[in-house]
Amino acid sequence: MHHFKRIIAATAIILCAPAAMAQDSITVAIQLEPPNLDPTSGAAQAIDSVLYANVFEGLTRFAADGAIVPALAERWAVSDDGLTYLFMLHDGVTFHDGTPMDAEDVKFSLDRARADDSTNAQKGLFAGISNVTVVDPLTVQITLDQPDGMFPFNMAWGDAVIVAPESIDNIASTPIGTGPFAFADWVQGDRIELVRNADYWGNPAALGSATFRFISDPTAAFAAVMAEDVDAFVGFPAPENLPQFQADPRFQVLIGNTEGETILAMNNQRPPFDNRLVRQAVAHAIDRQAIIDGAMFGLGTPIGTHFAPHHPDYLDMLGNSPHNPEKARALLAEAGFADGFTTTLKLPPPSYARRGGEIIASQLRAVGIQTEITNLEWAQWIEEVFTNKDFGLSIVSHTEPMDIGIYANPDYYFQYDNPSFQAVMTQLNATTDEGGRSALLKAAQRIIADDYVNGYLFELAVATVAKADIRGLWVNQPTAAVDLTAVRRAN
Amino acid sequence: MRARNLIIGAALTAVFIALAVMSFFWTPYDIATLDIPGRLKTPGAAHLLGTDHFGRDILSMIMMGARTSIAVALVAVGIGMALGIPLGLLAAARHGSLLDEIIMRGNDLIFAFPSLVIAILITAVFGASAVNAIIAIGIFNVPVFARLTRSAALPLWERDFILAARVCGKSAARISVEHILPNIANLMIVQGTIQFSLGILAEAALSYIGLGAQPPTASWGRMLADAQTLVSIAPHVALIPGFAILLMVLGLNLLGDGLRDWLDPRLRVARV
């Protein structure tokens, strides 16, 4: 009898323990697992999704609304000539291994990122830096080659986070940063665990721990959320299932903007897409609304150029390429392809590409362009399309914020080479006043829309499905991140 | 009882073959034309089996998919027979020789691999297409027919009428073709029917994981894969191709079963 009571008591404790723990822990699912955990060298978005703002912080950061706000630098000052930035760091910041974060670490991180042998995926962010000097342990002076109004924005990227020389060797498997969460464990193929950083310099996280899981299959994602195996799914892959979650009181559905311009990429150096008339014909053959409805079940905003519609400098160029199959056929005839032609359409895994690809293939067929669809995994897509440029058409979402500059790089995979566009970009980089920048950005959007460089489809929306009691998740995705700093449970 | 299997199997198979043949001349709708606003309609008068997530008529898709499935399975079984039967005849004729060993151990080697995994490997390496799916499925039909042919031919070689043919001076090749082959043809037809149904399944499996016929070619497996996330909102989109695969495979298996009973010489003797 005595034993029996003990057993009951022990069972009660065991049964209650997960429930008690569940109150300050969260399981978040995202689609892809990061290949490594170093945001300063890896290009994969999933690295930032897990680590940005949670484990690693930069001098500045993106807030939930996309604004650039102070992070490790509590404030900064720029000289009158726009060439010198002075970043004043927070006092008392330590890395998760206990070593203090000071100006030396900032210099180390920036010098490492801009070094010749750096493998940083966004080296362009640091290209304008000519010198980084330590003024005192809490002050860093950064000198630029030329004025750059975007510099605090550049420093907010996940690729510009501050790392320590003491822990850099193992960063790819054991990331050590300054954020409100410390890295705890990575079971490859399954999950990454983070725990609250008790010594955090800012407002401590409400959650005691967080687990990231990786589910790329839409059916498995639906099942995992429905069964409440995960508390939240950021970037839910099956838009057709969202109405069910919206109708279910157990869940909330957040639909927000991303910086993802989804485009029908055309290989501008490969005939016939080197002919502007052909590209224009393709642009007129596309029915954006059918793609948004058919592939995304209505989620997404049509775009007419490579720019985020929620950005104040967005230029509405949709009128440049309305759906008009007759005009598309006429343009093809004018370009010498009255009988159409056959090309390749290489599609990465997301449903916007796979489903969108079938819809676009049907729309192109209607004007006489035959496509051979090839479905590729991401690694194959990176190799065949992005690196080897072996494609005619492809569909992909460019999720980096403010990435119109990729059109100034003639080696970028769609190989657009226009000196006048490149001149606008050079001028933009040297312009710091708001009005001047805005005018140049609009000019840039107009050039690429008028050149029909790519087929501009829609701005990708992001859907987050979470349990009803979760608060503080980002609605929009100004950068790839699942910022858990402010996430808590309502009760 | 046996005749019933044969009739049901033959009827089901005939229906799908008829649908596939008809699709060459006529389908209710053109599946190349998408109708996004008219998507996910339930079965009704305008669309007998409803529409899928792109607004395509599912009956038309099933007809075109039947064509793909049957073509892939037929050619794959054809490859298996064309290579497997001669190899089996050769091994039986040269029973006990080094050649026999090489052929049969080669068969064992192919048998040792899980067929679908190798099919995935082949389509992954050489690219996903209907042709590569045919080759992948076909390769795994070769040892099935080779082994069956050899084991059926071996006892025949001991029989008196073969001995008589040998005494007459006929070559091993002529005996194989003129005497052995006709005597094992029944077996091959039955096995061919069974392999045909396995081929349908394999094609559906490969296209389900995206390694079979590529869009816009219709395929039952890909229809299933596309419908997967829609099961909870439009179940018919997944159920219809699922049932198509089920009924076609069931039909072929019943047909194979029925044919075996019908063609079996021992049973025929009993009937006489």
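Scanning the stretch A:190-206 for residues that are touching a Phe, Trp or Tyr at 6+ places or on another chain (Cβ under 8 Å) and not in a strand (DSSP E or B) turns up A:ASP190, A:ASN197, A:ALA205.
Scanning for something buried (at least 17 other Cβ atoms within 10 Å of the Cβ), modelled with pLDDT of 90 or more, of a type in the set (A, V, I, L, M) and assigned to a helix (DSSP H, G or I), does the stretch A:449-458 turn up at least one residue? The answer is yes, given that some residue of the stretch A:449-458 is buried (at least 17 other Cβ atoms within 10 Å of the Cβ), modelled with pLDDT of 90 or more, of a type in the set (A, V, I, L, M) and assigned to a helix (DSSP H, G or I).
Each row is one residue, and each column tells you yes or no for (1) part of a helix (DSSP H, G or I); (2) under 13 Å from B:ALA91 (Cα atoms); (3) modelled with pLDDT under 90.
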| residue | (1), (2), (3) |
| --- | --- |
| B:THR123 | yes, no, yes |
| B:ALA128 | no, no, yes |
| B:ILE134 | yes, no, yes |
| B:ILE139 | yes, no, yes |
| B:ALA146 | yes, yes, no |
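If you go through the stretch B:42-59 and keep only what is away from chain A (no Cβ under 14 Å) and either surrounded by fewer than 24 Cβ atoms within 10 Å (Cβ to Cβ) or part of a loop (DSSP other than H, G, I, E, B) (or both), you end up with B:THR42, B:PRO43, B:GLY44, B:ALA45, B:ALA46, B:HIS47, B:LEU48, B:LEU49, B:GLY50, B:LEU59. In this structure, is B:MET22 crowded, with 18+ Cβ neighbours inside 10 Å and hydrophobic (A, V, I, L, M, F, W, C)? Taking the combined requirement at face value, the residue does not satisfy it. Only residues that are over 20 Å from the mean Cα position of the chain (by Cα) and part of a loop (DSSP other than H, G, I, E, B) were counted in the stretch A:293-303, giving 2.
Only one entry in A:ARG279, A:ARG288 is within 14 Å of another protein chain (Cβ to nearest Cβ), under 27 Å from A:LEU457 (Cα atoms) and buried (at least 21 other Cβ atoms within 10 Å of the Cβ), namely A:ARG288. For the stretch A:176-190, a residue qualifies if it is in contact with a Pro (Cβ under 8 Å, 6 or more places away or on another chain) and either in the same structural domain as A:LEU428 (by TED's automatic domain parsing) or aliphatic (A, V, I, L, M) (or both), but none of them does. Within the stretch A:313-327, the set of residues being in a loop (DSSP other than H, G, I, E, B) and either within 14 Å of chain B (Cβ to nearest Cβ) or under 14 Å from A:PRO272 (Cα atoms) (or both) comprises just one member, A:HIS323.
Whenever a residue of the stretch A:198-219 is aromatic (Phe, Trp, Tyr), its partners that are at pLDDT 90 or above, lying with C-beta atoms within less than 6 angstrom and at least six residues away or across chains, give the pairs A:TYR200/A:PRO180; A:TRP201/A:HIS90; A:TRP201/A:GLY92; A:TRP201/A:VAL93; A:PHE212/A:VAL28; A:PHE212/A:VAL50; A:PHE212/A:ILE192; A:PHE214/A:GLU33.
Restricting attention to the stretch A:214-233, which residues are modelled with pLDDT of 90 or more and surrounded by fewer than 19 Cβ atoms within 10 Å (Cβ to Cβ)? A:PHE214, A:ALA220, A:ALA223, A:ALA224, A:MET226, A:ALA227, A:GLU228, A:ASP229, listed by residue number. Regarding the stretch B:206-223, can at least one residue be identified that is farther than 30 Å from B:PHE126 by Cβ and either touching a helix residue (DSSP H, G or I) at 6+ places or on another chain (Cβ under 6 Å) or in a helix (DSSP H, G or I) (or both)? No: zero hits. Among residues that are in a helix (DSSP H, G or I), surrounded by 14 or more Cβ atoms within 10 Å (Cβ to Cβ) and free of Cβ contacts under 8 Å to residues at least 24 places away in the same chain, B:ILE103 is not included.
Of all the listed residues (B:GLY50, B:GLY55, B:GLY88, B:GLY84), the sole one being under 19 Å from the mean Cα position of the chain (by Cα) and touching a residue at least 12 places away in the same chain (Cβ under 8 Å) is B:GLY84.
Evaluated against (1) more than 9 Å from every other protein chain (Cβ to nearest Cβ); (2) crowded, with 21+ Cβ neighbours inside 10 Å, A:GLU358 falls short on exactly one condition, (1). Scanning for something out of contact with any strand residue (DSSP E or B) (no Cβ under 8 Å at 6 or more places or on another chain), among the β-branched types (Val, Ile, Thr), surrounded by fewer than 19 Cβ atoms within 10 Å (Cβ to Cβ) and farther than 17 Å from A:ALA295 by Cβ, does the stretch A:362-381 turn up at least one residue? No: the stretch A:362-381 contains no residue that is out of contact with any strand residue (DSSP E or B) (no Cβ under 8 Å at 6 or more places or on another chain), among the β-branched types (Val, Ile, Thr), surrounded by fewer than 19 Cβ atoms within 10 Å (Cβ to Cβ) and farther than 17 Å from A:ALA295 by Cβ. Scanning for something in contact (Cβ under 8 Å) with a residue 24 or more places away in the chain, farther than 25 Å from B:GLY78 by Cα and charged (D, E, K, R), does the stretch B:250-265 turn up at least one residue? No. Filtering the stretch A:234-244 to residues that are more than 11 Å from chain B (Cβ to nearest Cβ) and either modelled with pLDDT of 95 or more or more than 13 Å from A:MET296 (Cα to Cα) (or both) leaves only A:VAL234. Taking the conditions exactly as written (part of a helix (DSSP H, G or I) and free of Cβ contacts under 8 Å to residues at least 12 places away in the same chain), does B:LEU163 satisfy them or not? Yes; evaluated as a whole, the condition is true for this residue. Give the number of residues within the stretch A:348-381 that are of a type in the set (S, T, N, Q) and either more than 27 Å from A:GLN45 (Cβ to Cβ) or at pLDDT 90 or above (or both). Within the stretch A:348-381, residues that are of a type in the set (S, T, N, Q) and either more than 27 Å from A:GLN45 (Cβ to Cβ) or at pLDDT 90 or above (or both) number 4. Looking across the stretch B:166-200, the residues that are in contact (Cβ under 8 Å) with a residue 40 or more places away in the chain and among the polar types (S, T, N, Q) come down to B:SER176, B:ASN186, B:GLN191, B:THR193, B:GLN195, B:SER197.
Beta carbons closer than 6 Å, at least 6 apart along the sequence or on distinct chains, pair a first residue in the stretch A:141-169 that is farther than 18 Å from A:ILE47 by Cα with a second that is small (Gly, Ala, Ser) and at pLDDT below 90 for A:LEU144/A:GLY128; A:ASP145/A:GLY128; A:GLN146/A:ALA430; A:PRO147/A:GLY82; A:ASP148/A:GLY128.
For the stretch B:24-41, filtering for residues that are away from every other protein chain (no Cβ under 13 Å) and touching a residue at least 40 places away in the same chain (Cβ under 8 Å) leaves 1.
If the condition is being assigned to a strand (DSSP E or B) and within 13 Å of chain B (Cβ to nearest Cβ), then the stretch A:208-233 contributes no residue at all. Per the listing B:ASP35, B:ASP52, B:ASP57, the residue uniquely over 26 Å from B:PHE140 (Cβ atoms), in contact with a Phe, Trp or Tyr (Cβ under 6 Å, 6 or more places away or on another chain) and among the charged types (D, E, K, R) is B:ASP57.
The values are calculated or read from the model by the stated rules, or taken from the named source; none is laboratory data. Every value quoted in this text rests on a predicted model; they were computed, and no experiment measured them. Quick reminder, even Gly has a Cβ in these numbers, built from the backbone with ideal geometry, and neighbours come from all protein chains shown.
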